[in-house]
């Protein structure tokens, strides 16, 4: 499967959809940022820079300060695929983020989302 189109999408173009999704379900942008920070290691300033410079998903994850060591604890189905079985490392990271955003939108407790 060719994922090039997804990898070239800018994070800034998808970010508003994440915000809308979580806010529609009563969660906040701050909680979304907490999830993104946990997964990628970006600070608030670093995340804002990523949004301002419109980097693609490939660069977003390549430049991430530090992927959380507990990402392997993220399991389940997203977009019809089990995240733990996705073979392409970049696509898996993108789906990890999607899964965390879904969990946030579904009202899961933050402690569980952050795998504490």
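Throughout, read-outs are computed from the coordinates displayed, never taken from laboratory work. No experiment lies behind these values; they were computed from the predicted model shown. For neighbour counting, all protein chains shown are included, and Cβ atoms are generated from backbone atoms with ideal geometry for every residue, glycine included.
Here is how the numbers come out for the structure above:
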| item | result |
| --- | --- |
| Chain lengthening between residue 5 and residue 111 when straightened (0.36 nm per residue, less Cα-Cα) | 34.8 nm |
| Ranked 71, 22, criterion: other C-beta atoms within 10 Å, fewest first | 71, 22 |
| 222 nm mean residue ellipticity, helices alone, for the chain (DSSP H n ≥ 4; -39,500 (n - 2.57); rounded to 500) | -17000 deg cm²/dmol |
| Extension gain (nm, one decimal) between residue 29 and residue 66, 0.36 nm per residue minus Cα-Cα | 11.2 nm |
| Mean Cβ neighbour count within 10 Å, used as a protection proxy, ranking 27-37, 5-15, 77-87 highest first | 27-37, 5-15, 77-87 |
| Pair residue 59, residue 82: separation of 7 Å Cα→Cβ label points (nm) | 3.6 |
| Peptide ranges 95-107, 39-51 listed from the most packed, as the mean C-beta count within 10 angstrom indicates | 95-107, 39-51 |
| Relative contact order (percent, whole number), the chain, Cα cutoff 8 Å, 6+ residue spacing | 33 |
| Cα gyration tensor shape of segment 1-60, rounded if a/c is under 1.5, else prolate or oblate by comparing a/b with b/c | oblate |
